[in-house]
Amino acid sequence: MAMTVKQMLDVANAAVPRITPASAQEMLRHGDTLIVDVRDAPELEKTGKVAGSLQVSRGMLEFRADPASPYHDPHFSKDKAIILYCASGGRAALAGKILKDMGYERVYNLGAFKDWADSGAPVE
């Protein structure tokens with residue numbers, strides 16, 4: 001059965017917990033956490049990104065996260081918590097659902113970069 005984008009987002013949001021900037025900062029302080037910006041490069045150029053985050057555009061996520069892919073990024077590890085964010089939270093939710101489908105267990109959606117920046121958390 002075909003799904004609409006809204007239905008896909010509903011499924012993704014049900015599977016991937018949304019966290020606050022404060023919760024994300026706490027997780028990052030404890031280590032074993034990767035924070036990933038799934039926006040495209042031009043978006044980052046305009047706004048910056050979460051300090052220390054890895055930028056992987058939504059379209060390349062599966063290739064970077066799969067250890068069997070020639071494009072695998074070793075920052076991705078199934079024993080780490082992974083926090084995703086984008087411009088509003090939609091792409092992060094969809095990306096999180098894909099990572100869950102790939103066997104990543106501790107996946108979280110930070111939502112919008114603006115929320116992080118507005119909270120006073122570090123940006124680069």
Leading residue by the ranking (most open to solvent (accessible area, probe 1.4 Å)) among those in the stretch 1-17 that are outside any helix (DSSP H, G or I) and in contact with a strand residue (DSSP E or B) (Cβ under 8 Å, 6 or more places away or on another chain): PRO17
ARG39 surrounded by 17 or more Cβ atoms within 10 Å (Cβ to Cβ) and out of contact with any Pro (no Cβ under 7 Å at 6 or more places or on another chain): yes
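Which members of the stretch 111-121 meet the condition of being out of contact with any Pro (no Cβ under 7 Å at 6 or more places or on another chain) and either aliphatic (A, V, I, L, M) or open to solvent by less than 70 Å² (accessible area, probe 1.4 Å) (or both)?
Listed by number, the residues that qualify are GLY111, ALA112, PHE113, ALA117, GLY120.
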Test: residue in the stretch 45-55 that is hydrophobic (A, V, I, L, M, F, W, C) and open to solvent by 80 Å² or more (accessible area, probe 1.4 Å): no
Lone unmet requirement of (1) at pLDDT 95 or above; (2) under 21 Å from GLY103 (Cα atoms) for GLU26: (2)
Looking only at the stretch 68-86, and only at residues there that are within 26 Å of ALA22 (Cα to Cα) and hydroxyl-bearing (Ser, Thr, Tyr), the one that is farthest from the chain's Cα centre (by Cα): SER77
Residues of the stretch 83-103 that turn out to be among the small types (Gly, Ala, Ser) and surrounded by fewer than 18 Cβ atoms within 10 Å (Cβ to Cβ), as a count: 3
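Which residues, taken from the stretch 24-36, are in contact (Cβ under 8 Å) with a residue 60 or more places away in the chain and open to solvent by 30 Å² or more (accessible area, probe 1.4 Å)? Reasoning before the result, please.
First, pick out the residues of the stretch 24-36 that are in contact (Cβ under 8 Å) with a residue 60 or more places away in the chain: 24-25, 27, 35.
GLN25, MET27, listed by residue number.
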Pick from the stretch 59-82, criterion without any contact (Cβ under 8 Å) to a residue 24 or more places away in the chain and of a type in the set (Phe, Trp, Tyr), ranking: surrounded by the fewest Cβ atoms within 10 Å (Cβ to Cβ): TYR71
Top-ranked residue in the stretch 97-124 [being charged (D, E, K, R) and part of a helix (DSSP H, G or I); ranked as farthest from ALA51 (Cα to Cα)]: ASP101
Flag if VAL5 is of a type in the set (A, V, I, L, M) and under 14 Å from the mean Cα position of the chain (by Cα): no
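The values are calculated or read from the model by the stated rules, or taken from the named source; none is laboratory data. Remember, predicted model here, so these are calculated numbers, not experimental data. Heads up, the Cβs are rebuilt from the backbone with ideal geometry, glycines too, and the neighbour counts pull from every protein chain shown. Only protein heavy atoms, including side chains, enter the accessible area calculation; ligands, DNA and RNA are left aside. Shrake-Rupley method; radii C 1.70, N 1.55, O 1.52, S 1.80 Å.
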